[in-house]
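In what follows, a single structure is set out as structure tokens and then discussed.
The values are calculated or read from the model by the stated rules, or taken from the named source; none is laboratory data. In this text, all values refer to a predicted model and were calculated from it rather than measured experimentally. Here Cβ is always computed from backbone atoms with ideal geometry, including for glycine, and neighbour counts include all displayed protein chains. Note: areas computed on protein heavy atoms with side chains; ligands, DNA, RNA excluded. Shrake-Rupley method; radii C 1.70, N 1.55, O 1.52, S 1.80 Å.
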Amino acid sequence: MSAAPGSSSLPTSRLRPVSSGLPDFPWDTIADAKAAAAAHPDGIVDLSVGTPVDPVDPVIRDALAASSEFPGYPATVGTRELRDAAVGALSRRFGITGLDESSILPVIGTKEVIAGFPAQIGVPAGDLVVIPEVAYPTYEVGALLAGAQVLRADTVDAIGDREPALIYLNSPSNPTGRVQSAAELKVIIDWARERGAVVVSDECYLGLTWEGSAHSVLHPEVCGGDHRGLIAVHSLSKVSNLASYRAGFLAGDRELIAELLSVRKHAGMIVPFPIQGATVAALNDDVHVDAQRERYRVRRDKLRTALLGAGFSIDHSEAGLYLWATRGEDSRTSQRWLAERGILVAPGDFYGPAGAQHVRMALTGTDERIDAAVARLSRK
């Protein structure tokens, strides 16, 4: 019997498109604003994505080349050198103690691991995952991919009597740049431990703190030196300009790290060997990190002054790669106003309903493009 016109003999009707259960991809919704900004006679200043634009330091590139002749399969667990380098960097840069090589797991970029974490760690379908009220979209996506429910909450009081399987923290925050104090983090961790919830802390912006101080959940002032139930997510994309390398790692609870390793070995989730070599160099060298932080500090100061002069208010933004700005209007209205001046930013509604009156402006433009944005904002 032949198939009816327009039908298929393949059993595609039994498949449920995974994408049907996910929100629209945010960046697909700003094509009009991008086109408007690109029409500016002096070109677009694209500050919508936190994409590094500065060179990769030669010490990292040399290490990448030196590791490029290895012909075999690397191990999912990563080299001992990489794990030791991660322990050393976390200690030097952030005062984290109590880690060893069994506390570290390299990952293929941190977006991948955040999207897969609930499923890989075994969050039961229908269980609860808590994400920040204003949040990086991938936290929600990862929960939905695992069939979990999502609750946006910044405090344990907002969670109420519900008992989540997993709580995401993000301090410093993307997009707001908000930093939670050690005391605030400790309250959440203690509450989670009483209920058997795992805490995953996205700390990709910890090395870019401009005002005050920021703490890892693994810092002894936060967790008392006890890493049980805690995973910190760290990325080299921002501080070392390695977004294209997809270089990151997890640190924390040895049992959780071992479980994730077991799952990821089966799935073949392996960081390429040359990238592992480059990661070692990046983690062992603080000079390039300090130089990059200073570049961002200068750009931040310029953009902050220009935004305030253009009638925006800036909330939080004490850390990270973004300015969280508002004029007390719908975020898409502010985005259009900036696009008319050739500046593309991300509307705050990308990050949840509570962001609907803000825009996120990244610091990741070249010095020339940052100066162009400042000049356009200064024109009345």
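Quick notes on this structure:
- Entry remark, segment 295-310: residues being of a type outside the set (A, V, I, L, M) and either touching a helix residue (DSSP H, G or I) at 6+ places or on another chain (Cβ under 7 Å) or open to solvent by less than 50 Å² (accessible area, probe 1.4 Å) (or both) number 5 in total.
Residue by residue, here is whether (1) surrounded by fewer than 23 Cβ atoms within 10 Å (Cβ to Cβ); (2) under 22 Å from Leu99 (Cα atoms); (3) outside the structural domain of Arg300 (by the TED database) holds:
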site	(1), (2), (3)
Asn170	no, yes, yes
Ser173	no, no, yes
Gly177	no, no, yes
Asp190	yes, yes, yes
Glu194	yes, no, yes
Val200	no, yes, yes
Glu203	no, yes, yes
Leu206	no, yes, yes
Trp210	yes, no, yes
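- Tally of residues being open to solvent by 50 Å² or more (accessible area, probe 1.4 Å) and not aliphatic (A, V, I, L, M) across segment 141-152: 2
- Of all residues in segment 134-147, those that are without any contact (Cβ under 8 Å) to a residue 40 or more places away in the chain have Cβ atoms under 8 Å from Cβ atoms of residues that are of a type in the set (Gly, Ala, Ser), 6 or more apart or on another chain, in Thr138/Ala115; Gly142/Ala115; Gly142/Gly116; Gly142/Ala119; Ala146/Ala119; Ala146/Ala125; Gly147/Ala125; Gly147/Gly126.
- Considering segment 36-65, and only residues there that are surrounded by 13 or more Cβ atoms within 10 Å (Cβ to Cβ) and farther than 30 Å from Ser331 by Cβ, the residue that is farthest from the chain's Cα centre (by Cα) turns out to be Asp62.
- Pairs with Cβ under 6 Å, 6+ apart, first in segment 214-233 and at positive phi, second surrounded by fewer than 20 Cβ atoms within 10 Å (Cβ to Cβ) and in a helix (DSSP H, G or I): Gly229/Arg193
- Note on segment 58-101: residues that are among the aliphatic types (A, V, I, L, M) and more than 17 Å from Ala247 (Cβ to Cβ) amount to 2.
- For the criterion of being under 18 Å from Ser216 (Cα atoms), assigned to a strand (DSSP E or B) and among the hydrophobic types (A, V, I, L, M, F, W, C), Leu105 passes.
- Condition check for Arg360: within 24 Å of Gly207 (Cβ to Cβ), open to solvent by 50 Å² or more (accessible area, probe 1.4 Å) and not in a loop (DSSP other than H, G, I, E, B): no
- A single member of Lys238, Lys302 is modelled with pLDDT under 95 and among the basic types (Lys, Arg), and it is Lys238.
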